[in-house]
Amino acid sequence: MAMLDIDNLHAKIEGEDGKEILKGLSLKVNPGEVHAIMGPNGSGKSTLSYILAGKDDYEVTEGTVTLNGEDLLDMEIDERAAKGVFLAFQYPIEVPGVATMTFLRSALNAQRKKRGEEEISTPDFLRLVREKAAGLGISQDMLKRGVNVGFSGGEKKRAEILQMAILEPKIAILDETDSGLDIDALKIVSEGVNALRSPERGMIVITHYQRLLNHIVPDFVHVMHKGRIVRSGGKELALELEANGYAEYQQDAA
């Protein structure tokens, strides 16, 4: 049984006149696998990530999604997070007045409580954050500042990968995490993601460009168009897309 099993998923934005965005999408992700999803703008890539994370505004009209055999679509957002679902946003939001360190500890303890575990002690938490932050080039000053307040694009993405490192999700979804990053920031973020690759963790990397996949090398690449996966292959498929674009898939799917 796959860890994450998406079967014939159909979905639309709530309240919109029946216009489907996902039109029968199926995908299986096993522990230890990294799946890249590529496709032109408007193909439904971000919609998929939002539905998996439990964002409001989307209505699933058909199909199933299970995480380790449990119905993911039946879970509230906090329950999904406690079960190990993590979404890294394309544009992380600012949370003024809440220090990054406080936010990280609150998030970790909320998940532990939901799972019936004890809260992490202050010394253990400080040790954990220092260890993980050092590898991502995150300073103590950044940890004291408000969440993402005044952070550069690269700092926001590094802070989000730090969050992922601390929460240790079962399934991590990175939604165009390369957006707005220069090459140096891209390398740092990618190294942080690669350090989190694990036989127990699956990853879905959503990207428009192949350049991210030079750094986070996927096991599988899927082409998404008009709400479904129209082709799957290995990492060489990403190179083919970079060379030829998406035109042939748009013709195939028309």
Selection from the stretch 182-194 of residues that are farther than 12 Å from GLU160 by Cβ and either under 15 Å from the mean Cα position of the chain (by Cα) or of a type in the set (Asp, Glu) (or both)
ASP182, ASP184, SER190, GLU191, ASN194
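Of everything in the stretch 49-68, what is hydroxyl-bearing (Ser, Thr, Tyr) and either part of a strand (DSSP E or B) or over 17 Å from the mean Cα position of the chain (by Cα) (or both)? Give them in sequence order.
Start the filter on the stretch 49-68 by keeping residues that are hydroxyl-bearing (Ser, Thr, Tyr), which leaves 49-50, 58, 61, 64, 66.
Passing the criteria: TYR58, THR61, THR64, THR66.
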Of the criteria (1) in a loop (DSSP other than H, G, I, E, B); (2) modelled with pLDDT under 90; (3) touching a strand residue (DSSP E or B) at 6+ places or on another chain (Cβ under 8 Å); (4) of a type in the set (A, V, I, L, M, F, W, C), which one VAL217 fails
(2)
Selection from the stretch 92-110 of residues hydrophobic (A, V, I, L, M, F, W, C) and in a loop (DSSP other than H, G, I, E, B) yields ILE93
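Among VAL95, VAL149, VAL129, which is under 23 Å from ARG197 (Cα atoms), among the aliphatic types (A, V, I, L, M) and in contact (Cβ under 8 Å) with a residue 12 or more places away in the chain? Walk me through how you get there before you give the answer.
On the way: VAL95 fails: under 23 Å from ARG197 (Cα atoms); VAL149 fails: under 23 Å from ARG197 (Cα atoms).
Answer to the selection: VAL129.
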Which residue pairs have Cβ atoms under 9 Å apart, sit 6 or more places apart or on different chains, and have a first residue in the stretch 171-200 that is farther than 18 Å from LEU48 by Cα and free of Cβ contacts under 8 Å to residues at least 40 places away in the same chain and a second that is of a type in the set (Gly, Ala, Ser) and buried (at least 20 other Cβ atoms within 10 Å of the Cβ)?
VAL193/ALA88; VAL193/ALA172; LEU196/ALA165; LEU196/ALA172
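Rundown of residues vs (1) at pLDDT 90 or above; (2) of a type in the set (Lys, Arg); (3) surrounded by 13 or more Cβ atoms within 10 Å (Cβ to Cβ); (4) not in a helix (DSSP H, G or I), yes/no style:
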site: GLU16; (1), (2), (3), (4): no, no, no, yes
site: PRO31; (1), (2), (3), (4): yes, no, yes, yes
site: ILE37; (1), (2), (3), (4): yes, no, yes, yes
site: GLY42; (1), (2), (3), (4): no, no, no, yes
site: THR47; (1), (2), (3), (4): yes, no, yes, no
site: GLN90; (1), (2), (3), (4): no, no, yes, yes
site: ARG112; (1), (2), (3), (4): yes, yes, yes, no
Among the residues listed as ALA172, ALA159, ALA185, ALA133, the single one being buried (at least 21 other Cβ atoms within 10 Å of the Cβ) and over 27 Å from LEU4 (Cα atoms)
ALA133
If we keep only residues of the stretch 115-130 that are of a type outside the set (A, V, I, L, M) and outside any helix (DSSP H, G or I), then the residue surrounded by the most Cβ atoms within 10 Å (Cβ to Cβ) is GLU119
Got at least one residue in the stretch 219-226 being crowded, with 18+ Cβ neighbours inside 10 Å and among the acidic types (Asp, Glu)?
no
Checking GLY97, GLY63, GLY54 in turn, the sole residue that is modelled with pLDDT of 95 or more and on the phi > 0 side of the Ramachandran plot turns out to be GLY63
Inter-residue pairs, beta-carbon under 8 Å, first within 16 Å of GLN163 (Cβ to Cβ) and in the stretch 106-123, second surrounded by 11 or more Cβ atoms within 10 Å (Cβ to Cβ) and polar (S, T, N, Q), 6+ apart:
ALA107/GLN163; ILE120/ASN109
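Do we have ASP71 as touching a strand residue (DSSP E or B) at 6+ places or on another chain (Cβ under 9 Å), loosely packed, with under 15 Cβ neighbours inside 10 Å and acidic (Asp, Glu) here?
On the way: touching a strand residue (DSSP E or B) at 6+ places or on another chain (Cβ under 9 Å): yes; loosely packed, with under 15 Cβ neighbours inside 10 Å: yes; acidic (Asp, Glu): yes.
Judged against the criteria, ASP71 is a match.
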For the stretch 149-194: of the residues being outside any helix (DSSP H, G or I) and polar (S, T, N, Q), which is modelled with the lowest pLDDT?
SER179
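The values are calculated or read from the model by the stated rules, or taken from the named source; none is laboratory data. Computed from a predicted model, the values in this text were never measured in an experiment. Note that we place each Cβ from the backbone using ideal geometry, even for glycine, and neighbour counts take in every protein chain shown.
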